[in-house]
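Read through the structure below, which is laid out as structure tokens, and then see the notes.
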Amino acid sequence: MYLFQIQVGPVQSFIRSARRTRDFWFGSRFLSAVSREIAKTVADEFSLEALIFPSPLTTAQLNDPNFLVANKIVASISSDPSALAAQCQQTVRSFVSQEWEATEVTFLQKWSDDPLSSAKLDLKAARQQVNELVELVWTACVYTPETYQQAWQQLTRVMLARKATTSFTQIPWSAQRHKSSLDGRYDAVIDWKVAPTAAKSGVRYGLKRGEFLSGIDLLKRFGMVDSTQDGANPATPTPINFPSTSHMAALPFFERLEHLAADQRDKLKSTWQKYIDDLPRSIRDDNDLSRARVELTTQHSIFGNYDGSLLFAERLVDSFDTEKNAPQSTSLLQKAQGALQEFLRATSREIDPVPRPLPYYAILQADGDHMGRLLRTCTTIEQHRAISQALGTFAGKVQPIVAEDHHGALIYAGGDDVVALLPVHTALACANALQQAFSNALKIVLEQHQLCTMQSPPPSLSVGVLVVHHLEPLSAALEQVVQAEQLAKHERNSLAVTVNKRNGMARSVVGRWDRTSPELPTLFERLNTFRTWLRNDQLPDGYAFELYSLLQRMNLQYAATEAEAAAWRDIQRVEAIRILKHKKTPVGQNVPEEVINGLSASINLHTQRKQFGLEAEATFKDDAPFAYSLNQLALELIVARMFAEVDRLVEGY
């Protein structure tokens with residue numbers, strides 16, 4: 001018997017070469033679809049039971065387009081692995097070719113009807129780029145039931161060595177032309193410079209002015225993976241849409257208006273329709289703005305299926321040609337912006353306090369902890385299959401958790417990895433629900449196969465959440481959420497939250513999902529408590545900054561001895577509580593006793609040393625040896641302010 005592993009690439013370079021959320025989403029789903037085709041090939045050549053990762057329970061589950069497969073496929077096979085690898089390679093070529101043909105049909109339908117299509121379109125280069133996109137690497141080793149664990153470890157080592165060995169070939173599409181705006185390794189296949197007026201039709205092709213796309217970029221913008229889903233008609237294929245970052249930022253505003261009385265919603269719907277009528281037809285017909293998106297189950301009673309980006313005046317500029325030679329477009333833009341302002345004024349007449357869409361959304365990225373260690377401890381193929389099925393169960397729960405329970409848009413969920421876009425007010429609850437679902441799914445397997453005693457600590461889920469401005473370049477936002485996830489994974493089993501406001505520095509907080517001290521709630525609990533106090537005007541907004549001022553005035557770096565530092569810490573603690581008791585809330589009242597007692601309990605930990613987990617290099621000037629710090633409290637209060645602000649919008653405070 002052979003233990004066979006094949007991996008699909010490139011992953012990060014392909015997925016994260018994105019300017020739009022659809023680029024990012026499609027890259028993830030496309031590679032998952034390729035992996036699913038490989039798994040189906042293995043099942044067809046041998047049997048469903050041959051698969052280890054993934055390990056679907058039925059053929060129908062494997063054929064389900066919503067069954068997301070990670071880029072690593074492992075199987076137990078009984079014949080020549082090189083023949084299976086060749087068959088998988090042929091399957092992938094056929095699948096990619098079919099996807100490109102469908103993409104080409106969709107794009108050319110628009111291209112051929114466009115009077116401005118005099119720009120060069122190099123379809124030959126586009127096909128070559130797409131055909132060379134997917135890379136497969138595979139390894140195999142002989143095993144017996146007695147040597148399974150050693151074979152697994154050997155397979156892992158050999159795969160690492162194989163991935164470090166790069167096969168270099170000359171690219172067939174090189175030419176003297178612009179490079180892709182998404183990924184500079186590829187040449188653009190559309191030359192807009194040949195047609196100076198073609199930029200006006202950018203909306204038609206999902207392009208911004210000055211944007212150059214390669215064949216792979218066209219696949220991302222017009223590809224139709226799983227086009228039978230989400231109401232798409234296979235007879236008239238249309239690219240599946242994905243919500244924009246601006247739409248995710250607008251969702252709290254959507255939810256606030258959905259709570260209005262029926263007659264109020266009718267008035268606003270009429271005003272909204274007037275705004276839509278004032279938009280040029282090219283914008284009204286733009287699929288990115290007007291067609292149902294993947295996360296929608298029902299239409300909004302006021303906005304219908306329109307994307308939330310239409311609520312932000314700064315995003316309207318992208319849809320108009322406002323160059324000096326286009327005064328008519330400038331006039332149309334001003335008219336549209338005026339209609340939008342009239343709609344927002346209409347909402348202020350119906351709602352008090354006056355709501356405005358807030359320009360921030362959240363990205364969530366999660367990854368399992370200690371999974372490699374768990375897999376290495378398994379001694380049988382049955383244990384690996386059980387873990388694989390548990391991960392499949394978890395992945396199947398992610399979509400309803402993200403989309404249905406927390407109004408988000410799932411980008412990817414495969415194995416122990418999750419990436420999603422969320423409105424700010426549901427992001428923390430979604431992160432908590434995901435970590436609970438992950439722990440519950442793995443807990444059953446650990447108990448049934450007696451793996452609990454074989455490795456410690458048990459697998460957990462570390463989650464990074466980034467709150468960022470909707471106009472922040474997507475590539476920059478993706479880098480920041482990776483940093484948040486890495487911050488969480490530094491300690492494992494943790495939540496890390498980063499708030500990056502445009503008018504200030506990024507601030508990050510991190511804490512474990514479980515309690516490290518009986519007196520100290522978890523970070524998730526603390527943030528929810530703080531946002532509730534801030535939302536209800538029970539806590540002064542400026543208290544966090546007064547804590548910062550206190551810490552700067554009494555900087556422990558100037559303490560000469562440990563005794564002096566301890567005295568300063570005690571003074572800081574007393575002063576922090578004194579300031580709190582003398583502050584007034586935003587409504588002019590004294591801070592409630594409940595809030596004072598709750599914060600005082602946390603402040604008192606500023607002088608208490610941890611019982612466990614002391615860092616060897618920590619000194620008396622550091623916060624590391626202490627259970628909690630005023631600096632941590634100030635950071636958490638500032639982070640909680642963002643969530644409280646969105647809560648006020650949603651709930652009408």
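The values are calculated or read from the model by the stated rules, or taken from the named source; none is laboratory data. Note that this is a predicted model, so its numbers are computed, not measured. With ideal geometry, Cβ positions are generated from the backbone for all residues, glycine too; neighbour counts draw on all protein chains shown. Protein only, heavy atoms only, side chains kept; ligands, DNA and RNA dropped before computing areas. Shrake-Rupley method; radii C 1.70, N 1.55, O 1.52, S 1.80 Å.
Within segment 54-65, is even one residue within 12 Å of Trp138 (Cβ to Cβ), in contact (Cβ under 8 Å) with a residue 12 or more places away in the chain and within 27 Å of the chain's Cα centre (by Cα)?
No, segment 54-65 has no match at all.
Considering only segment 418-427, state which residues are of a type outside the set (Ser, Thr, Tyr) and either more than 21 Å from Lys220 (Cα to Cα) or modelled with pLDDT under 95 (or both).
Hits for segment 418-427 are Leu422, Pro423, Val424, His425, Ala427.
Among the residues of segment 571-583, is there at least one that is outside any helix (DSSP H, G or I) and surrounded by 13 or more Cβ atoms within 10 Å (Cβ to Cβ)?
yes
Return the total of residues in segment 363-402 being open to solvent by 10 Å² or more (accessible area, probe 1.4 Å) and in a strand (DSSP E or B).
Total meeting the criteria: 2.
Kindly check whether there is at least one residue in segment 17-26 that is open to solvent by less than 10 Å² (accessible area, probe 1.4 Å) and either touching a Cys at 6+ places or on another chain (Cβ under 7 Å) or among the aromatic types (Phe, Trp, Tyr) (or both).
yes
Residues checked against (1) within 24 Å of Val105 (Cβ to Cβ); (2) modelled with pLDDT of 80 or more:
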site	(1), (2)
Ala175	no, no
His178	no, yes
Leu182	yes, yes
Arg185	no, yes
Ile190	yes, no
Ala195	yes, no
Ala198	yes, no
Val203	yes, no
Leu218	yes, yes
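Just give me the residues in segment 339-363 being of a type in the set (Ser, Thr, Tyr) and farther than 30 Å from Leu478 by Cα, in sequence order. Steps first, answer last, please.
Of the residues in segment 339-363, the ones of a type in the set (Ser, Thr, Tyr) are 347-348, 360-361.
Matches in segment 339-363: Thr347, Ser348.
Please state which one of Glu342, Glu314 is modelled with pLDDT under 90, on the phi < 0 side of the Ramachandran plot and either touching an Asp or Glu at 6+ places or on another chain (Cβ under 7 Å) or surrounded by fewer than 20 Cβ atoms within 10 Å (Cβ to Cβ) (or both).
Glu314
Listed here are the residues, each with its yes/no results for (1) of a type in the set (Val, Ile, Thr); (2) within 24 Å of Thr147 (Cβ to Cβ).
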| residue | (1), (2) |
| --- | --- |
| Gln12 | no, no |
| Leu31 | no, no |
| Glu49 | no, yes |
| Val74 | yes, yes |
| Val92 | yes, no |
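Among the residues of segment 509-523, which ones are open to solvent by 40 Å² or more (accessible area, probe 1.4 Å) and in contact (Cβ under 8 Å) with a residue 60 or more places away in the chain?
Answer for segment 509-523, where residues must be open to solvent by 40 Å² or more (accessible area, probe 1.4 Å) and in contact (Cβ under 8 Å) with a residue 60 or more places away in the chain: Thr516, Glu519.
Regarding Pro54, is this residue at pLDDT below 95, farther than 21 Å from Gly215 by Cα and in contact with a helix residue (DSSP H, G or I) (Cβ under 9 Å, 6 or more places away or on another chain)?
Taking the combined requirement at face value, the residue does not satisfy it.
Scanning for something of a type in the set (Phe, Trp, Tyr), farther than 25 Å from Ala395 by Cα and surrounded by 19 or more Cβ atoms within 10 Å (Cβ to Cβ), does segment 88-104 turn up at least one residue?
Yes - at least one qualifying residue is present in segment 88-104.
Look through Ala43, Ala102 and report the one residue that is over 30 Å from Thr379 (Cβ atoms), assigned to a helix (DSSP H, G or I) and of a type outside the set (Val, Ile, Thr).
On inspection, the qualifying residue turns out to be Ala102.
If you check every pair at least six apart or on different chains, which have Cβ atoms under 7 Å apart with a residue in segment 462-476 that is under 10 Å from Lys501 (Cβ atoms) first and a residue that is at pLDDT below 95 and surrounded by fewer than 24 Cβ atoms within 10 Å (Cβ to Cβ) second?
Matching pairs, first to second residue: His469/Arg502.
Out of curiosity, is Gly408 farther than 23 Å from Leu471 by Cβ and not β-branched (Val, Ile, Thr)?
No.
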